[in-house]
There are 2 protein chains.
Amino acid sequence: MSTLGEKIRDLRKKKGFTLDQLAELSKSSKSYVWELENKDPPRPSGEKLALIAAALDVTADYLLGAEAEPGTAEDKAFFRKYQKMDAPQKQQIREMLDIINRTRK
Amino acid sequence: MSTLGEKIRDLRKKKGFTLDQLAELSKSSKSYVWELENKDPPRPSGEKLALIAAALDVTADYLLGAEAEPGTAEDKAFFRKYQKMDAPQKQQIREMLDIINRTRK
DNA sequence: TGTCCACGTTCGGAGTAGCGATACAAAAAA
DNA sequence: TTTTTTGTATCGCTACTCCGAACGTGGACA
């Protein structure tokens, strides 16, 4: 079980973000993002946590350790993004999924 | 779209908790729980948020407004289909969604 | 070798999260 | 009625969030 700081760093590296980039995406300062990754224990506000989770495409619940698998968090984050799309784009995605399933079947 | 305070109060009432009870369940003080429900705007830490979400049987993401209310049947059906796919196909779909969002932006 | 420079690290400080104490009004229970 | 439980509201305090602005440091070019 990894800490919040480790989760943030791992996800940031995986996405190839620098501290500055993640700071900008999450409307934080570079120094603060660094503190979250390195200081013990990091205790960000719910707001910051939500922004960082969104920037890293995971749920706040995953960062908080309230969620089991990274795969599950990834799926939920995907679904969240999907839900925010407009209806026509949603349908596009749905059709693409059907196509993939058809060729795979 | 309701505020964090309204969500907490509604969920608390629905479960029949008093302020003191929710405070105890979420390891907070009664005065602070009241502030979360009534002060504008409440800015709880991620920790507190997770504890309160757990006490109220919801996700922190829901309280943060990052998780939508029970969506349409169409969306849920789509998500169920998606979850049944294998990892590589899931990633394909995720990448396609990113592409659509990127070109729309 | 040198000097950029992108990136990570560190620090001081303003503002605030969160608590315990306290007080009082409504409501409910007795 | 009186008593007890809930909700509302404020105060002072400590510890921490979060920022800006420095400072260090390795690597990429000549």
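Any read-out appearing in this document is the output of simple, stated calculations on the displayed coordinates, not a laboratory observation. Just so you know, these numbers come straight off a predicted model, no measurement behind them. A quick note on method: Cβ atoms are made from the backbone with ideal geometry, for glycine too, and the neighbour counts reach across all protein chains shown.
Considering every residue in A:46-54, what mean count of other chain Cβ atoms within 10 Å of its Cβ is obtained?
Average neighbour count from other chains, rounded to a whole number: 6.
For a Förster distance of 35 Å, can you work out the FRET efficiency between the beta-carbons of B:Q92 and A:E6, rounded to the nearest 0.05? Approximately 0.75, to the nearest 0.05.
Taking the empirical scaling 2.2 N^0.38 Å for compact globular proteins as reference, the protein assembly as shown has a Cα radius of gyration ratio of 1.10. For the range B:4-63, taking Cα atoms only, Rg and Dmax work out to 9.8, 24 Å respectively. Compared with the dominant Cα axis of chain A, that is its longest principal axis, helix A:70-83 is turned about 60°.
The mean number of partner chain beta-carbon atoms within 10 angstrom of a residue's beta-carbon across peptide A:77-84 is 6.
Other residues whose C-beta falls under 13 angstrom from the C-beta of B:F17 contribute a net charge of +1, scoring Lys and Arg +1 and Asp and Glu -1.
Counting only other chains, what is the mean number of Cβ atoms within 10 angstrom of the Cβ of each residue in peptide A:22-32?
Partner Cβ neighbours, averaged per residue: 0.
Treating each Cα of the range A:10-105 as an identical point scatterer and summing with the Debye formula, the log10 of I(q)/I(0) at q = 0.11, 0.13, 0.16 Å⁻¹ comes to -0.42, -0.56, -0.76.
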